[in-house]
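To start, the structure itself, in structure tokens.
The values are calculated or read from the model by the stated rules, or taken from the named source; none is laboratory data. Only a predicted model underlies this, so the values are computations on that prediction, with no experimental measurement involved. Here Cβ is always computed from backbone atoms with ideal geometry, including for glycine, and neighbour counts include all displayed protein chains.
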Amino acid sequence: MLAEGYEIRPLAVGDGPALAMAYRCNREHLAPWDPTRPEAFYTAEAQSVEVADRLRVVAAGQGGSWVLVRDGEVAGRVNLNNVIRGVLQSASVGYWVGAEHTGRGLATAMVEHALTEAATLGLHRVEAGTLLANEPSQRVLVKAGFERIGIAREFLFIAGKWQDHVLFQRILHHRPLESTRAGRR
């Protein structure tokens, strides 16, 4: 359930400036968990380009993107990334919540929203990874029904170095793969 006053909605063309503001306001909060970002990343122009690129991914059926909004400002974001069809029928989920909005169950609500959308897409499995020290994010995933599946050594280049991650997965259904267009890939 989403906390009062918040909304999760699809990423939209005009979201670049609001995302740039949210990233600037949360730069220190997100820095330990994100790749090192160039200064240009924090501009409305760069975020507008990123939004356009991301919307092309969504339109191609290769991902999903939503923003968490409160009072017209972006308070967080959740993405389904790397949608793979064929016999895998899988995606990964990534998310963040702004520093002043934590502790309200918003990250869990965003992840659950992405899971609902993944199920609508017919996906079988969603995975996520967190840095070893990111216990709050690990709790979010467990609350959203994910199971820990192991450690991936030097998994992602975060905060300037290759870092180990705890991997999680959530199985969305146990139906057999139908011989649909997705199943033949």
#### Entry: segment 153-180, subset among the polar types (S, T, N, Q) and over 18 Å from the mean Cα position of the chain (by Cα), residue surrounded by the most Cβ atoms within 10 Å (Cβ to Cβ)
163
### Query
With respect to residue 3, is the statement that it is among the small types (Gly, Ala, Ser), closer than 21 Å to residue 108 by Cα and either surrounded by fewer than 21 Cβ atoms within 10 Å (Cβ to Cβ) or modelled with pLDDT under 95 (or both) true?
yes
### Message
Return the pair list, or none, for Cβ contacts closer than 9 Å from residues in segment 47-67 that are at pLDDT 95 or above to residues that are of a type in the set (Phe, Trp, Tyr), at least 6 apart or on different chains.
### Response
47/23; 47/41; 50/41
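Yes/no per residue for (1) of a type outside the set (Asp, Glu); (2) free of Cβ contacts under 8 Å to residues at least 12 places away in the same chain; (3) touching a Ser or Thr at 6+ places or on another chain (Cβ under 6 Å):
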{"site": "84", "(1), (2), (3)": "yes, yes, yes"}
{"site": "89", "(1), (2), (3)": "yes, no, no"}
{"site": "105", "(1), (2), (3)": "yes, no, no"}
{"site": "115", "(1), (2), (3)": "yes, no, no"}
{"site": "118", "(1), (2), (3)": "yes, no, no"}
{"site": "121", "(1), (2), (3)": "yes, no, no"}
{"site": "124", "(1), (2), (3)": "yes, no, no"}
{"site": "138", "(1), (2), (3)": "yes, no, yes"}
{"site": "166", "(1), (2), (3)": "yes, no, yes"}
### Query
Within segment 74-130, can you find the residues that are farther than 22 Å from residue 28 by Cβ and either touching a helix residue (DSSP H, G or I) at 6+ places or on another chain (Cβ under 7 Å) or of a type in the set (Asp, Glu) (or both)?
80, 91, 93, 108, 111, 112, 117, 126, 127, 128
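Take residues that are charged (D, E, K, R) and in contact with a strand residue (DSSP E or B) (Cβ under 9 Å, 6 or more places away or on another chain) and tell me which of the strands (runs of 3 or more DSSP E) falling wholly in segment 76-163 contain 1 or more.
Where strands (runs of 3 or more DSSP E) fall fully within segment 76-163 and carry at least 1 residues being charged (D, E, K, R) and in contact with a strand residue (DSSP E or B) (Cβ under 9 Å, 6 or more places away or on another chain), they are 125-131, 147-158.
Restricting attention to segment 26-56, and to residues there that are in contact with a strand residue (DSSP E or B) (Cβ under 9 Å, 6 or more places away or on another chain) and in a helix (DSSP H, G or I), which single residue is farthest from residue 158 (Cα to Cα)?
Among those residues, the one meeting the criterion is 55.
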